[in-house]
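What follows draws every value from the coordinates through simple rules; no lab data is involved. Quick caveat: nothing in here was measured; it's all calculated off a predicted structure. Here the Cβ positions follow ideal geometry from the backbone for every residue, glycine too, while neighbour counts run over all protein chains shown.
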Amino acid sequence: MSPFSPLSGGLREAWQHPGAAERLRRLRKAAVVTRERLIDDGPALSCSTHRLVTFPYPTRYAFSGGGLSPAPFVMMTNRMQIVQFEHGGRRKTLLFNPTDVEGGRAATFFSDLSAKFGQFVARRVIPTYYGTVEEHLVRAGLTPADVDYVAFDHLHVQELRRWLGEQPYFPRARLLVMQAEWDEVKDPHPMNAVWYVPNGCDIPEARVEVLDGDVLLGRGVALLDTRGHTRGNMSLAVVTADGPFVVSENGVAPESYAPLHSRIPGVRAYAEQMGFEVVLNGNTREDSLDQYSSMIVEKIVAGPTKRDPTFPAFAASSELTQSLLAPGLAPTFVFTPPDVGTHVPTA
Ligand SMILES: [Zn+2]
């Protein structure tokens, strides 16, 4: 039994409707209520965002083929959130998307990339490193023992054994994961297998807290069921004084949620032609209808940014990043999630 309460607002019920179009209509309404309740509940205690690495990603996936560029790759930047919230009268620490960058290379997709470009280019020339999870934690004034929970929007390219395996770097932490994601990573379908690190999630079950849907982790911090990119995909929602912002990999930039305002060649035309409100990060197509609906939920829960209400407060966990290697593919709008509060050691 999960120690967290389900998120009220009706998203769970909406997801259960069997018809895809009606499901989306119900999700829209539930997302509005969910956003209001999250805001009413009040802000999180503290939150900070940390860049890990900038890496190449196929252009054809980033905007589902809508982005037009001769460059085969766009650059994306992986980011991690450190979040503290109150749960059961205690201050808790969550690391969201603490990617073990070295470990993630073992995913079949990225090892093929290394084979194509050579180890040196793939590891040392193309990527930019900003600091490891361990380094960011120290800079935030925390120790590994302060971490209560580790969670990822999904488990593609994740290597968990160093964090939560037999000799865990985080001695107390537990993995929060949706049931569907955990089932998939244990026995991936052939269409998904290329993205997972073989055996990367072989950690003791005692270290795993399986979730069966949206949860409120504590005041101002929630995990949303945003299935689609993977069947057990989830998004982090954090409330600050600026309102909520939402983190996931369903889109690669805020303009994925406002494609009619994108200046990237092809994205707007693609959305217009298809009549799409959002443009998927499309490296997995198995559950695209759900991914689309999940992105609508994210857009509504996040709401508009203060700087430009055209774009939602969406913080891509793998964020499209301007690069000379990918001309014409710079983001139209960059959202920097607010760093709020001060992290306090709790161990
Ligand atoms: Zn993925």
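Modelled spin-label separation between Leu260 and Ala241, with each label point placed 7 Å from Cα along the Cα-to-Cβ direction: 3.4 nm.
Once both labels are positioned 7 Å from their Cα atoms along Cα-to-Cβ, the gap between Glu134 and Gln167 label points is 1.2 nm. Under the shape rule built on the C-alpha gyration tensor, where the axes satisfy a ≥ b ≥ c, the range 1-112 is oblate, since a/c reaches at least 1.5 while a/b does not exceed b/c. Multiplying the residue separation of Arg37 and Asp308 by 0.36 nm and removing their Cα-Cα distance gives an extension gain of 95.2 nm.
The Kirkwood hydrodynamic radius of the range 115-272, based on inverse pair distances between different Cα atoms, is 18.0 Å. Shown here: the range 5-320, whose C-alpha atoms stretch 51, 50, 38 Å along the first, second and third principal axes, sorted largest to smallest.
Does anything in the range 219-254 have its amide N under 19 Å from the 7 Å Cα→Cβ label point of Arg12, and if so which residues? Hits in the range 219-254 for Arg12 at 19 Å: 219-228, 232-237. When peptides 194-201, 248-255, 17-24, 221-228 are sorted by average Cβ neighbour count within 10 Å, with the highest value leading, the order is 248-255, 221-228, 194-201, 17-24. Rounded if a/c is under 1.5, else prolate if a/b is larger than b/c, else oblate: which is the range 206-254, with a ≥ b ≥ c the root eigenvalues of its Cα gyration tensor? The shape class here is oblate.
Extension gain, Thr342 to Glu102, is 83.5 nm, computed as 0.36 nm per intervening residue step minus the present C-alpha separation.
Computed extension gain for Gln179 through Glu277, at 0.36 nm per residue and net of the alpha carbon distance, reaches 32.4 nm.
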